[in-house]
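Throughout, read-outs are computed from the coordinates displayed, never taken from laboratory work. Treat the numbers as computed from the prediction; the structure is a model and nothing was measured. Glycine gets a Cβ as well: all are built from the backbone with ideal geometry, and neighbour counts include every protein chain shown.
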Amino acid sequence: MFKDKNGENLTGGEFFGKVVNRIKNIWLELIVFKLHLTGCVPSHTYRRFVYRLFGIQIGKGSVIHTKARFYDPRNIEIGEDTIIGEGAVLDGRARLSIGNHVDIASEVMIYNSQHDVESETFQAEDKPVFIDDYVFIGPRSIILPGVKIGKGAIVAAAAVVTKDVPPYAIVGGVPAKIIGERKLKSLNYKLGRARLFR
């Protein structure tokens with residue numbers, strides 16, 4: 001008789017389903033490792049090609065700088081003219097939607113899956129993250145699952161965003177709170193060319 005990790009008996013069908021799920025997870029881990037290695041290649045063109053090959057949707061003129069990390073590439077959408085900084089973590093275990101003309105600084109971590117600390121099995125819960133157009137996210141900020149960041153908002157460096165950010169708001173701190181408002185509301189700039197070897 002087969003048992004699960006909690007010692008509960010499994011039917012043959014349930015056991016087979018777990019084996020198939022394990023094989024899928026190993027395959028995904030191999031893809032994620034390949035993407036990690038790709039992130040070390042100093043060529044935007046090559047990285048963009050490989051990232052798209054594995055399912056990341058990347059809009060025209062957008063770049064992901066070196067050493068980005070992914071948890072699942074298939075649910076990540078990046079708009080046009082967006083720059084993702086070095087060492088960023090982009091979690092695609094649930095939908096991650098990043099708009100146009102978004103500037104995400106170095107070492108920003110965006111998560112959309114976390115453990116439910118009230119669950120008896122400590123199971124993961126996935127919630128999508130949406131980042132609207134013209135958002136700036138400062139270095140080493142953390143965006144947690146289920147968050148929506150409105151158009152033109154600014155997240156200060158090292159902020160931990162636990163709830164939605166209204167359009168044009170400036171937030172900072174741990175947890176992030178509104179500390180100001182962006183005065184310019186008619187945003188239409190382009191971020192331009194990324195650094196060649198980053």
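In the stretch 112-135, how many residues are within 13 Å of the chain's Cα centre (by Cα) and crowded, with 21+ Cβ neighbours inside 10 Å?
Result for the stretch 112-135: 3.
Tell me which residues, restricted to the stretch 5-47, are in a helix (DSSP H, G or I), surrounded by 12 or more Cβ atoms within 10 Å (Cβ to Cβ) and among the polar types (S, T, N, Q).
Result: 38, single match.
For the stretch 64-74, name all the residues that are closer than 20 Å to residue 94 by Cβ and not in a helix (DSSP H, G or I). Write out each step before concluding.
The first filter runs over the stretch 64-74 and keeps only residues closer than 20 Å to residue 94 by Cβ, leaving 64, 68-74.
If the condition is that a residue be closer than 20 Å to residue 94 by Cβ and not in a helix (DSSP H, G or I), then 64, 68, 69, 70, 71, 72 are the ones that fit.
Restricting to the stretch 65-92, and then to whatever is more than 21 Å from residue 144 (Cβ to Cβ) and touching a residue at least 24 places away in the same chain (Cβ under 8 Å), can you tell me which residue is farthest from the chain's Cα centre (by Cα)?
Per the criteria, the residue is 81.
Kindly check whether there is at least one residue in the stretch 139-154 that is in contact (Cβ under 8 Å) with a residue 40 or more places away in the chain and in contact with a His (Cβ under 8 Å, 6 or more places away or on another chain).
No.
Determine which single condition residue 171 fails, assuming it passes every other condition in (1) of a type in the set (A, V, I, L, M, F, W, C); (2) touching a residue at least 60 places away in the same chain (Cβ under 8 Å); (3) part of a strand (DSSP E or B).
The failed condition is (2).
Give just the number: which of (1) assigned to a loop (DSSP other than H, G, I, E, B); (2) free of Cβ contacts under 8 Å to residues at least 40 places away in the same chain does residue 97 not satisfy?
Evaluating residue 97 over (1) assigned to a loop (DSSP other than H, G, I, E, B); (2) free of Cβ contacts under 8 Å to residues at least 40 places away in the same chain leaves (1) as the failure.
What are the residues in the stretch 174-198 that are surrounded by 11 or more Cβ atoms within 10 Å (Cβ to Cβ), more than 20 Å from residue 88 (Cβ to Cβ) and in contact (Cβ under 8 Å) with a residue 60 or more places away in the chain, if any?
Answer for the stretch 174-198, where residues must be surrounded by 11 or more Cβ atoms within 10 Å (Cβ to Cβ), more than 20 Å from residue 88 (Cβ to Cβ) and in contact (Cβ under 8 Å) with a residue 60 or more places away in the chain: just 187.
Just to be sure before I move on: is residue 95 in contact with a helix residue (DSSP H, G or I) (Cβ under 6 Å, 6 or more places away or on another chain), closer than 18 Å to residue 143 by Cα and charged (D, E, K, R) in the structure I sent?
On the way: in contact with a helix residue (DSSP H, G or I) (Cβ under 6 Å, 6 or more places away or on another chain): yes; closer than 18 Å to residue 143 by Cα: yes; charged (D, E, K, R): yes.
The answer is yes for residue 95.
Hey, any hits in the stretch 48-63 for a residue that's part of a strand (DSSP E or B) and in contact with a His (Cβ under 6 Å, 6 or more places away or on another chain)? Reasoning before the result, please.
Looking only at the stretch 48-63, we keep the residues that are part of a strand (DSSP E or B), and these are 57-58, 63.
If we keep only those that are in contact with a His (Cβ under 6 Å, 6 or more places away or on another chain) as well, we get 63.
For the stretch 48-63, residues part of a strand (DSSP E or B) and in contact with a His (Cβ under 6 Å, 6 or more places away or on another chain): present.
Out of curiosity, is residue 78 crowded, with 17+ Cβ neighbours inside 10 Å, β-branched (Val, Ile, Thr) and touching a Phe, Trp or Tyr at 6+ places or on another chain (Cβ under 7 Å)? Before you say what the answer is, go through the steps one by one.
On the way: crowded, with 17+ Cβ neighbours inside 10 Å: yes; β-branched (Val, Ile, Thr): yes; touching a Phe, Trp or Tyr at 6+ places or on another chain (Cβ under 7 Å): no.
No.
If residue 62 passes every condition in (1) among the hydroxyl-bearing types (Ser, Thr, Tyr); (2) closer than 23 Å to residue 99 by Cα; (3) surrounded by fewer than 16 Cβ atoms within 10 Å (Cβ to Cβ) but one, which one does it miss?
(3)
If a residue has to be surrounded by fewer than 18 Cβ atoms within 10 Å (Cβ to Cβ) and under 14 Å from residue 98 (Cβ atoms) to count, how many in the stretch 152-173 make the cut?
Summing the residues that are surrounded by fewer than 18 Cβ atoms within 10 Å (Cβ to Cβ) and under 14 Å from residue 98 (Cβ atoms) in the stretch 152-173 gives 0.
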